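Asker: Dropping a structure here in structure tokens format, bear with me for questions.
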């Protein structure tokens, strides 16, 4: 027996065995089980129940695929921009898109992390913050997106922002669909917002040829931050209401 | 007839969807978890709600359970995560409140606990959250340090340091001298 267990036993013998507490009487236990069973084993699972009861690996794979599908469908609906030519440009874009996809997958994995896993440390906030700010950093590094063609004037970027919010919102909704229902942890929602922001940014970079910093910051890079602000507002309102 | 182990019940529940196995696991652990939550939070209703949340997640996560592994640490990990998320939510809700239930400080029901239990509960309030969590699991639940390390997501040595400091503080607050001193 180690010293700390000896300490525990000494404390218990000094103070008397800890009280077991009022506990749940058999009627309380029956009533509580009835409530639990109604939400679990006695309930015919609907589509959302089925997807969130999948193994975590499957949920993450499906949600990440869902984010990809949202981005691709939005791109098919709106079209690729015409300046995507030349092997150097394609390689640079491919590297950037692969990096963004990896961060989206990480955000999805964090968002869908099961409660049966070890708790995450405070570093998760740093990772989520970095993912939310990544589009902003990418927007102010124009050489990544340089196509070698003169960029057209496309305004401040409000139509792009609207398109991005639709894409990001849909991506966030896909991730949320696969969550097992732990809305009380804001970082789970913020990671979904970050995944949405990154998917929207990637889609807009492929759709819109603009390289003006203001346009990129307002129209392309702010989607994740706006979604995060919405999450913050929702969390605050729910906390106020209790 | 020998009693079925938790692992047997879990196998029946995960593989065959046995409602009876789920109910048996619930009846084995619900009261213990309720007691754990009561010690952390002190509200019967909130503790019941957290037990319900714990088993809801236990059910939804069953496909992630590796058959053959021990059930208890798995269930306690879910319970502690449910509690953590609850406390974060509550503290965000009323950050200026002095209500111990809101802040997750340990409380004891004066009608049902002994004087020494209440004393220990008050003394536990003097510990840091990390120390308190480890002491709760070691003192009340009698879990081993490797189990606790797994549950709280810390190294074995970090958990032992927290326990050592926590017990030292407890002894100091309670005025209990170490054996042989």
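The values are calculated or read from the model by the stated rules, or taken from the named source; none is laboratory data. What you see is a predicted model, and the numbers here were worked out from it, not measured in a lab. Here Cβ is always computed from backbone atoms with ideal geometry, including for glycine, and neighbour counts include all displayed protein chains.
Asker: I'm trying to understand the selection: among the residues of the stretch B:45-66, which are touching a residue at least 24 places away in the same chain (Cβ under 8 Å), at the interface with another protein chain (Cβ under 9 Å from one of its Cβ atoms) and farther than 11 Å from residue A:36 by Cα?
Answerer: B:62, B:63, B:65 - these are the residues of the stretch B:45-66 that are touching a residue at least 24 places away in the same chain (Cβ under 8 Å), at the interface with another protein chain (Cβ under 9 Å from one of its Cβ atoms) and farther than 11 Å from residue A:36 by Cα.
Asker: A further question on this structure: With respect to residue B:22, is the statement that it is more than 7 Å from chain A (Cβ to nearest Cβ) and assigned to a helix (DSSP H, G or I) true? Break it down into steps so the answer makes sense when it comes.
Answerer: Values: more than 7 Å from chain A (Cβ to nearest Cβ): no; assigned to a helix (DSSP H, G or I): yes.
Here the answer is no, as residue B:22 does not meet what is asked.
Asker: Can we say residue A:197 is without any contact (Cβ under 8 Å) to a residue 60 or more places away in the chain and in the same structural domain as residue A:75 (by TED's automatic domain parsing)?
Answerer: On the way: without any contact (Cβ under 8 Å) to a residue 60 or more places away in the chain: no; in the same structural domain as residue A:75 (by TED's automatic domain parsing): yes.
Here the answer is no, as residue A:197 does not meet what is asked.
Asker: Still on this structure, I have one more. Starting from the stretch A:25-37, take each residue that is at the interface with chain B (Cβ under 9 Å from one of its Cβ atoms) and surrounded by 13 or more Cβ atoms within 10 Å (Cβ to Cβ) and list its partners that are assigned to a loop (DSSP other than H, G, I, E, B) and modelled with pLDDT under 95, counting only C-beta distances under 7 angstrom and pairs at least six apart or across chains.
Answerer: What qualifies is A:32/A:24.
Asker: Next up: Name every residue in the stretch B:80-93 that is at the interface with chain A (Cβ under 7 Å from one of its Cβ atoms) and touching a residue at least 40 places away in the same chain (Cβ under 8 Å), in order of residue number.
Answerer: B:86
Asker: Moving on. Would it be correct to say that residue B:21 is over 21 Å from the mean Cα position of the chain (by Cα) and surrounded by 20 or more Cβ atoms within 10 Å (Cβ to Cβ)?
Answerer: On the way: over 21 Å from the mean Cα position of the chain (by Cα): yes; surrounded by 20 or more Cβ atoms within 10 Å (Cβ to Cβ): yes.
Yes.
Asker: A further question follows. Working carefully through the options A:237, A:217, A:204, find the one that is surrounded by fewer than 24 Cβ atoms within 10 Å (Cβ to Cβ), under 17 Å from residue A:154 (Cα atoms) and more than 14 Å from the chain's Cα centre (by Cα). Walk me through how you get there before you give the answer.
Answerer: Working: A:237 fails: under 17 Å from residue A:154 (Cα atoms); A:204 fails: surrounded by fewer than 24 Cβ atoms within 10 Å (Cβ to Cβ).
Step by step, each of A:237, A:217, A:204 is checked, and only A:217 is surrounded by fewer than 24 Cβ atoms within 10 Å (Cβ to Cβ), under 17 Å from residue A:154 (Cα atoms) and more than 14 Å from the chain's Cα centre (by Cα).
Asker: If a residue must be surrounded by fewer than 17 Cβ atoms within 10 Å (Cβ to Cβ), in contact with a helix residue (DSSP H, G or I) (Cβ under 7 Å, 6 or more places away or on another chain) and at the interface with chain B (Cβ under 10 Å from one of its Cβ atoms), how many such residues does the stretch A:44-68 contain?
Answerer: 1
Asker: Considering only residues that are within 11 Å of chain A (Cβ to nearest Cβ) and not in a helix (DSSP H, G or I), which ones fall in the stretch B:67-79?
Answerer: B:69
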